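Here the structure comes first, spelled out in C-alpha cells, and everything after it is commentary.
The values are calculated or read from the model by the stated rules, or taken from the named source; none is laboratory data. Just so you know, these numbers come straight off a predicted model, no measurement behind them. Please note: Cβ atoms are built from the backbone with ideal geometry, for glycine as well, and neighbour counts cover all protein chains shown. Note: accessible area is taken over every heavy atom of the protein model, side chains too, but ligands, DNA and RNA are not part of it. Shrake-Rupley method; radii C 1.70, N 1.55, O 1.52, S 1.80 Å.
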Amino acid sequence: MGTRRVGLCGTVAAAGVLALGACASGSGEPSEADVTFGSDAAMSGELTVMGFGTGDDVAQVRYDRATEELGDDVEVSLVEGDLDIQAFLSAVAAGDPPDLVYANRDQIGTFASRGAIMPLTDCIAAEDVDTGQFREAASGQVTFDDVVYALPEFNQVQVTMADSSLLSAAGLGIEDVNGSDWDAVTQATSALVRNDGGALSVIGFDSKLPEFFPLWAKANGADLLSDDARTAQLDSPEALEALELAVSVYDAQGGFPAVKAFRDSADFFGEGNQFATHTLGAMPMENWYVNVLNEVSPDATLAFDTFRTREGEPLAFATGSAWAIPAGSPNAAAACRFAATMVEQESWLAAARARADARAESGQVFTGLLTGNADADEEIRSTLVEPSGSPVWDEAVEAVYEANENTFSLPANPADAEFKAAWQDGVNRVLNGQQEPAEALAQAQEEAQSALDDAWAEWDERSDG
C-alpha cells in the first residue's frame with residue numbers, strides 16, 4: 001500500500017494550447033487529497049473513464065479483463081471519443097474530475113506540470129506494474145521531471161510504403177525511397193510523378209509533412225528538443241536541411257497545395273486508395289495502414305521497408321496513448337487497477353489472440369500488434385505472427401517490427417502543446433509559401449523556447465515552493 005498527498009491545480013485550455021488557471025477546486029485556493037492504493041483492496045463505487053471506447057476487439061478484450069479485475073461492485077462508465085482537453089481540464093479546475101483519462105502521450109508533460117494528473121509512483125508500486133517492460137520511447141513521453149505520470153500503451157511507428165509496379169517501371173527499388181539516400185529520394189520523386197494536362201495524376205513521393213518533420217530531422221541527426229526538455233532546437237542546421245529536403249519533393253511536384261489536394265481526393269481507406277489505383281509512388285506512413293491495405297487491397301503491388309536514416313539505419317518516431325489519473329480522482333484506486341490491467345502483458349496477449357483469430361476467419365493476415373510493452377510485443381510476434389505465404393505482407397510485418405525496435409520520441413515537457421504548435425505552424429508556413437524554411441524555423445524556435453521558458457519557470461517555482 002502507498003499513500004500520496006496530491007496537490008490539485010486547476011487548468012484551462014484556450015485555442016488548443018494549455019494555459020495555467022486558478023489553483024484548487026474552483027475556489028482559487030489550493031486543495032489536497034489523500035489517495036491510498038492497495039493491490040489487495042476491494043474496489044467499489046463508480047469509475048468514470050474519459051477518452052476511451054471499446055470500438056474494436058483489442059479494446060473490448062482488455063476492457064473486459066479490466067472490469068472483471070475490478071469486480072462487480074465497481075460500475076464503469078465510458079466517456080467515449082478522443083479526450084476533450086478543455087472539458088477535462090475544466091472538470092479538474094471545478095473539482096469534479098473523471099476518475100481516469102486516456103490521453104495522447106504528448107499531452108502528459110503539460111498535464112503533469114499543471115497539476116491536472118497525479119504521479120503514479122504509489123499506484124505502480126501497489127499494483128506491481130513492471131515499468132521495465134515499457135519501451136523507452138514510450139516511457140520517456142510519460143515521465144516528467146523523473147516521475148512517471150501515466151502508463152503508456154500502443155506504439156505507432158512509421159514504415160516506408162511503395163507501389164512496386166511504379167518503382168519497377170521507373171527502374172527503381174524500395175531502397176530509393178526509404179530515406180537512406182536523399183538524392184535518390186529527389187530523383188525518384190521526379191521519375192515517378194505524373195501530370196496529365198498540367199494536373200497531378202501520380203504523386204511520386206509524399207514526405208508526409210508537417211506531421212513527420214521530427215522523423216526527417218532525426219534522420220539527419222537533429223533532436224528538436226534537448227534531453228532535459230528545456231531547450232528547443234528547431235532551427236539547427238540539421239533540422240533546416242531536413243525541412244528543405246522534405247519540402248523540395250513537394251516543390252518538384254507542383255507545390256504542397258497541389259499534392260495535398262490530390263492526396264485528399266483519394267479513397268484512402270477503401271479499395272480506391274492511392275496504391276490500388278497506382279497514383280502514389282511511395283511515402284512513410286504509420287504501421288496501422290498496413291492492416292488497412294491488407295483488408296481493402298490484399299493483391300495490390302506493394303513494397304515495404306523501414307524508414308531509414310541517412311546512414312541507412314532503421315528509424316521511427318514513436319507516438320501513442322497513455323492512462324493517467326486526474327488530480328482529485330474520486331476513485332483513484334480503482335482507476336489505478338483498471339489502467340494497470342489494461343497494459344499488462346496477459347491483457348495484450350488475450351487481445352492479440354482475439355485479433356489473430358478474427359483475421360484468420362476472414363482470410364486476412366495478422367500483422368502483429370505494437371503495444372508499448374516490449375515483452376508483450378515479443379510474445380505476440382513469436383506465438384501469433386505466422387508467415388502469410390505472401391512475400392509482400394511478410395515484408396510489411398518485418399518492416400513494422402524492425403521499426404518498433406528503433407524508435408525515438410520527444411521528451412515530456414510542460415509546454416507540450418505549445419512546442420508542437422510552434423514546429424507544426426512553422427512547417428505549414430513553408431508549405432503554404434508564406435516563409436522560407438530558415439525564416440520559418442527561426443520564428444518557430446523563438447516561439448517554442450519562449451513557451452518552454454515560461455512553463456518551466458512556473459513548474460520550478462511550484463516545485464521549490
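For Glu32, the conditions (1) at pLDDT 95 or above; (2) out of contact with any helix residue (DSSP H, G or I) (no Cβ under 8 Å at 6 or more places or on another chain) all hold with the exception of (1).
When the range 40-62 is examined, which residues are found to be of a type in the set (S, T, N, Q) and either exposed (fewer than 15 other Cβ atoms within 10 Å of the Cβ) or in a strand (DSSP E or B) (or both)? The answer is Thr48, Thr54, Gln60.
Note on the range 262-287: residues that are out of contact with any strand residue (DSSP E or B) (no Cβ under 7 Å at 6 or more places or on another chain) and open to solvent by 40 Å² or more (accessible area, probe 1.4 Å) total 7.
Applying the criterion of being of a type outside the set (Val, Ile, Thr) and part of a loop (DSSP other than H, G, I, E, B) to the residues of the range 156-173, the residue that is farthest from Ser207 (Cα to Cα) is Gly171. For the structure I just gave you, tell me whether Thr367 is of a type in the set (Val, Ile, Thr), over 29 Å from Ser164 (Cα atoms), open to solvent by less than 30 Å² (accessible area, probe 1.4 Å) and assigned to a loop (DSSP other than H, G, I, E, B). Here the answer is no, as Thr367 does not meet what is asked.
Total residues in the range 370-408 satisfying the condition of being assigned to a loop (DSSP other than H, G, I, E, B) and buried (at least 23 other Cβ atoms within 10 Å of the Cβ): the figure is 3.
Here Tyr250 fulfils each of the conditions (1) buried (at least 22 other Cβ atoms within 10 Å of the Cβ); (2) of a type outside the set (A, V, I, L, M); (3) over 23 Å from Glu439 (Cβ atoms) apart from (3).
Examine the range 412-419 for a residue that is within 24 Å of Gln449 (Cα to Cα), open to solvent by 10 Å² or more (accessible area, probe 1.4 Å), part of a helix (DSSP H, G or I) and hydrophobic (A, V, I, L, M, F, W, C), and state whether such a residue exists. The answer is yes; a qualifying residue exists.
Of all residues in the range 345-364, those satisfying the criterion of being outside any loop (DSSP other than H, G, I, E, B) and either polar (S, T, N, Q) or in the same structural domain as Ala162 (by TED's automatic domain parsing) (or both) are Gln345, Ser347. Of the strands (runs of 3 or more DSSP E) that lie entirely inside the range 229-337, those containing 1 or more residues that are more than 30 Å from Val76 (Cβ to Cβ) span 280-286, 302-306.
The single condition from (1) of a type in the set (A, V, I, L, M, F, W, C); (2) buried (at least 22 other Cβ atoms within 10 Å of the Cβ); (3) farther than 30 Å from Ile174 by Cα that Ala354 fails is (2). Within the range 9-29, the presence of a residue that is closer than 22 Å to Ala126 by Cα, over 30 Å from the mean Cα position of the chain (by Cα) and either loosely packed, with under 14 Cβ neighbours inside 10 Å or at pLDDT 50 or above (or both) is excluded. Looking across the range 219-247, the residues that are crowded, with 22+ Cβ neighbours inside 10 Å and touching a Phe, Trp or Tyr at 6+ places or on another chain (Cβ under 6 Å) come down to Leu234, Ala242, Ala246. Restricting the range 176-215 to residues that are in contact with a helix residue (DSSP H, G or I) (Cβ under 7 Å, 6 or more places away or on another chain) and assigned to a loop (DSSP other than H, G, I, E, B) leaves a set whose member that is most open to solvent (accessible area, probe 1.4 Å) is Pro210. Scanning the range 99-126 for residues that are closer than 19 Å to Glu69 by Cβ and out of contact with any Phe, Trp or Tyr (no Cβ under 7 Å at 6 or more places or on another chain) yields Asp99, Ile124, Ala125.
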